[in-house]
Structure formats: structure tokens, C-alpha cells
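K.L.:
First the structure, then my questions, so here it is.
We did not get these values from a lab; they are worked out from the coordinates using the rules stated. Since this is a predicted model, take the numbers as computed values, not measurements. All Cβ positions, glycine included, derive from the backbone under ideal geometry; neighbour counts span all protein chains shown.
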Amino acid sequence: MNAQPGSVVSARVKTNSSAVGAAAALAPDVTVFDPKGKATKLSKIITRPTVLFIYPEASSPACTEEAKGFSASKNELSALGFDVMGLSPDEPEAIACFIDDESLKIPMYCDPRDEKGVPRGLQALGAYGQKSLYGKTVTAVLRSTLILEPSSKGPVVRLAMINIRAKGHVERVVQMLRDERVGNGESAGAKKAKTPTKSKPKASGAKPAKTSASEKTKPAK
């Protein structure tokens, strides 16, 4: 995958959810590990709309900034209807230390590299591929954020932000979801306002002169 910084991968399978975008695609149900080394499927931990941020290395400066930012935003994201969790190619022990050292308050999972050094789960999710690093093209983990939601067939990707930059990313994601919620509310209000109101039948004793004047001064739209 040759991804540009900040590129967005569109999904294709439609769903009925209003959470960010109108199209979606099933995510590969990859196996991930918790800090204690217990394996679980992505479908088992995505129980409601979720912000899944994928980062290259626990305890590195940019990844620490991003993880702490999402951890601090946990309550606001929850109020917006989203869980948040992290995923990296680290070993479970490294994730456990990362959580303790930075006092992270969100679930953190890992997809350890195989014998060839490839995190197969991240690769399946589109977060592993070619990118430019210090002027060279390398194959590595692509810092990415997926907006997922549960479905009867497994996790659905509503939006995939691939190969993003850490600086300011948490704020942009939170603002995007905040705007989406406000936009949905405004749309619903506008739709309600446009709904025509049925007028009640006039009583037989209504004054025709006033009704006629009203019709002349207020033509039908």
C-alpha cells in the first residue's frame, strides 16, 4: 500500500448508521492480544462505535503523545457515543509497561510481528505498507485511525484515515465526531421544519372574508 499522509480510504458497503460517512466495509476480523497476552478477535471487543488508533511503537514520543491524547479524550468520545482503543505491533509486555508508565485509561491491544517481522493483523487492516521516512521509502506500520462499529457480520469500517501525522490528530478526530453529531442534529431539525403541517378543516361558522384575505397575503409556496 502506498499511502499519502492523511489519506482517507473510503468504505463501500452501505449501513444504516449515521456515525461518520454513508458507506462502510467489513473489517478483517483479526486476532489481537491484550496486555496479559490473551488473544481475542476484533469482533469481540468492538461492541459499539469505536475509534481504533493504530500506532508504530509504544513509548516512542509521537505514539506517547497520541495515546495520552486519546486517553484524555475518553470521556468526551464516550459522550459522543464512541469507545476508543489503541493497537500496535508491540509485544504484550511492552503494552503493559506503556499503560502503567503513562497512566493510560483506555484499552490497548497489540498485534505482534511474525517471524518475518510483519504484523499481519495491521497489514490486513491496511495499516502496514510503504511510506516515506527521512527521504527514503520504507515498509512499516502506517499510523492510522479507523472508525469502526459492530454489526451482525463483524466490525464495519466507517472511515479509515491511513498514514496520518500524530501532531494534532486527536483533536481533529474529536472535532470531526463532534461536528458529525451536531450536523446530524441540524439535519434532523431542518427535516422536521420542512415537514408540512396539515391545516385543520375550518368550522362552518368561520369568517370567509378573513380567510380570503389571508390567502391573498400569504400565497402558497
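K.L.:
For residue 30, what residues show an amide H to amide H distance below 5 Å, using hydrogens built from the backbone and excluding near sequence neighbours?
P.N.:
For residue 30, whose amide H was placed from the backbone, the distant partners under 5 Å are 42.
K.L.:
Please compare each pair in 44/116; 74/116; 38/136; 36/136; 41/136 to a cut-off of 31 Å on the Cα-Cα distance and tell me which ones are over it.
P.N.:
In this structure, 74/116; 38/136; 36/136; 41/136 exceed 31 Å between Cα atoms.
K.L.:
Follow-up question, since we're still on this one. Once phi is turned into ³J(HN,Hα) by the Karplus curve 6.51 cos²θ - 1.76 cosθ + 1.60 with θ = phi - 60°, what whole-Hz value does each residue of region 101-108 show in order, with x for glycine and proline?
P.N.:
5, 9, 6, 6, 10, 10, x, 10
K.L.:
Straight distance only, please: which aspartates and glutamates reach the Cα of residue 153 with their own Cα at less than 18 Å, same-chain residues fewer than 8 apart left out?
P.N.:
Cross-link targets: 29.
K.L.:
A further question follows. Using θ = phi - 60° and the Karplus relation 6.51 cos²θ - 1.76 cosθ + 1.60, list the HN-Hα couplings for region 134-151 in order, rounded to whole Hz, with x at every Gly or Pro.
P.N.:
Using θ = phi - 60°, the values come out as 6, x, 10, 8, 10, 9, 7, 5, 9, 4, 8, 9, 10, 9, 10, 8, x, 8 Hz.
K.L.:
While we're on this one: Of the options 128, 112, 78, report the single residue whose Cα projects farthest towards the positive end of the charge dipole of region 7-188 (beta-carbon charges: Lys, Arg +1; Asp, Glu -1).
P.N.:
Checking the options against the dipole of region 7-188, the answer is 128.
K.L.:
List the relative contact order of region 7-188 as a percent without decimals, with contacts defined as Cα pairs under 8 Å and 6+ residues apart.
P.N.:
Relative contact order comes out at 30 percent.
K.L.:
Give me the net charge of residue 119's neighbourhood, meaning all other residues with Cβ under 15 Å from the Cβ of residue 119; Lys, Arg count +1, Asp, Glu -1. Please report the intermediate quantities before stating the final value.
P.N.:
Numbers: positive: 113, 116, 120, 131, 143; negative: 57, 90, 91, 111, 114, 115.
So the environment of residue 119 carries a net charge of -1.
K.L.:
Then there is this: Taking the Cα-to-Cβ direction at residue 79 and at residue 31 and moving 7 Å from each Cα, how far apart do the two end points lie in nm?
P.N.:
4.0 nm
K.L.:
Would you please classify the overall shape of region 7-188 from the alpha carbon gyration tensor, given that a ≥ b ≥ c denote the square roots of the eigenvalues, rounded means a/c under 1.5, and beyond that prolate means a/b larger than b/c while oblate covers the rest?
P.N.:
Rounded, since a/c falls under 1.5.
K.L.:
For region 70-139, what does the relative contact order come out to in percent, with C-alpha contacts under 8 Å and a separation of six or more? Intermediate values should be presented prior to the final figure.
P.N.:
Working: 74 pairs, mean separation 17.2, N = 70.
It rounds to 25 percent for region 70-139.
K.L.:
Here is a follow-up. Amide H of residue 108 versus every other amide H placed in the peptide plane: which residues, excluding those fewer than 5 positions away on the same chain, fall under 5 Å?
P.N.:
Sorted by chain and number, the residues that satisfy this are 86.
K.L.:
Let me ask something additional. Pulled fully out, how much extra length does the chain show between residue 40 and residue 184, if you take 0.36 nm times their separation in residues and subtract their Cα-Cα distance?
P.N.:
48.5 nm
K.L.:
Residue 103 to residue 62: extension gain in nm, 0.36 nm per residue of separation minus the Cα-Cα distance? Don't skip to the answer; put the middle values down first.
P.N.:
Details: separation 41, 0.36 × 41 = 14.76 nm, distance 1.63 nm.
Net length gain for the segment: 13.1 nm.
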